[in-house]
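Let me begin by presenting the structure, written as C-alpha cells, before commenting on it.
Quick note: the coordinates plus some simple rules give every number you see, no bench work behind them. What you are looking at is a predicted structure, and each value in this text was computed from that prediction instead of being measured. A quick note on method: Cβ atoms are made from the backbone with ideal geometry, for glycine too, and the neighbour counts reach across all protein chains shown.
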Amino acid sequence: MAIKVICQNKKARHLYHIEDTYEAGMVLTGPEVKSLRAGRANLGDAYAAVKDGEAFLMKAHISPYSHSDTSTYDPTQPRKLLLHKAEIRRLLGKTREKGLTLVALRMYFKDGKAKIELGLGRGKKLYDKRADQKSREASREIARAVKRSRQ
C-alpha cells in the first residue's frame, strides 16, 4: 500500500486536540487530480462539514491545473467526501457537541486514489498551546544534554 503525501495541515495539531481520525475519499475532476499530483494544494484553513447527510470538504485550496480551462474554476469550492453513512452520522453527532470540529490534517494518494485524513478536534486554549511549547522545548533540551554527554 503506497502512500504519497500531497500536503499537510501543520497548524492543526497546534490549534486542536485531535481526538480521532478518519480517512475519506474525495470527488474530484480530472484537472484537480492532475494538480494534486503536481503537489499544488493547501489545507491551511480546510475543514469538513456535514450537510443534508453528505460530508463536504470546505476551504481546501487546489490550484488550477496549468493545461486546462480555468475560466470557471473556483480553487476553494466545496468538495464531496466519500464516507460510509454510519461514519457520517457519527461525525454529525460528534460535531454537534460543543467545541468539536472536523479539521483536514493531510491529503495523500493511496493506491492511486486521492484521500484526506480528517481529525475530530477540540480547540486548544492559549495555556494549552503554551504548555505544549514548554514540553517540546524541555524534550529538546534533554536531547541536547544527552547528545553532549555522549561526546
Non-local amide H neighbours of R106 (under 5 Å, H modeled in plane, Pro and chain starts lacking H): which ones? N9, E117
How far is helix 85-96 tilted off the main Cα axis of the chain, in degrees rounded to 10, range 0 to 90? 60
Ordered by residue, what ³J(HN,Hα) values in Hz, to whole numbers, does segment 10-22 give under the Karplus form 6.51 cos²θ - 1.76 cosθ + 1.60, where θ = phi - 60° and Gly and Pro are x? 6, 6, 4, 6, 7, 8, 10, 7, 7, 8, 8, 10, 9
Name the residues whose placed amide hydrogens come within less than 5 Å of the amide hydrogen of E54, ignoring near sequence neighbours (fewer than 5 apart) on the same chain. none
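What pairs in K10/K80; K4/K115; K51/K85 have C-alpha atoms more than 19 Å from each other?
Listed pairs above 19 Å: K10/K80.
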Sparse-neighbourhood loop hits (trypsin sites (Lys or Arg not before Pro), segment 66-151; DSSP loop; Cβ within 10 Å at most 15 others) -> K98, K125
Calculate how steeply helix 126-150 sits against the longest principal axis of the alpha-carbon atoms of the chain, using the helix alpha-carbon long axis, and give the answer as 0 to 90 degrees to the nearest 10. 60
How much length, in nm to one decimal, is gained on full extension between K125 and E19, taken as 0.36 nm per residue of separation minus their Cα-Cα distance? 36.6 nm
Report, by chain and number, residues whose modeled amide H sits under 5 Å from the one on T29, excluding near sequence neighbours (fewer than 5 apart, same chain). none
Filtering GluC sites (Glu not before Pro) in segment 73-129 by DSSP loop and by at most 13 other Cβ atoms within 10 Å leaves E97
Taking a ≥ b ≥ c as the square roots of the eigenvalues of the Cα gyration tensor, with a/c under 1.5 meaning rounded and otherwise prolate when a/b exceeds b/c and oblate if not, the chain is oblate
Which whole-Hz ³J(HN,Hα) couplings does segment 56-72 yield from phi under the Karplus relation 6.51 cos²θ - 1.76 cosθ + 1.60, θ = phi - 60°, glycine and proline marked x? 10, 8, 10, 6, 7, 9, 10, 5, x, 6, 5, 9, 10, 6, 10, 5, 10
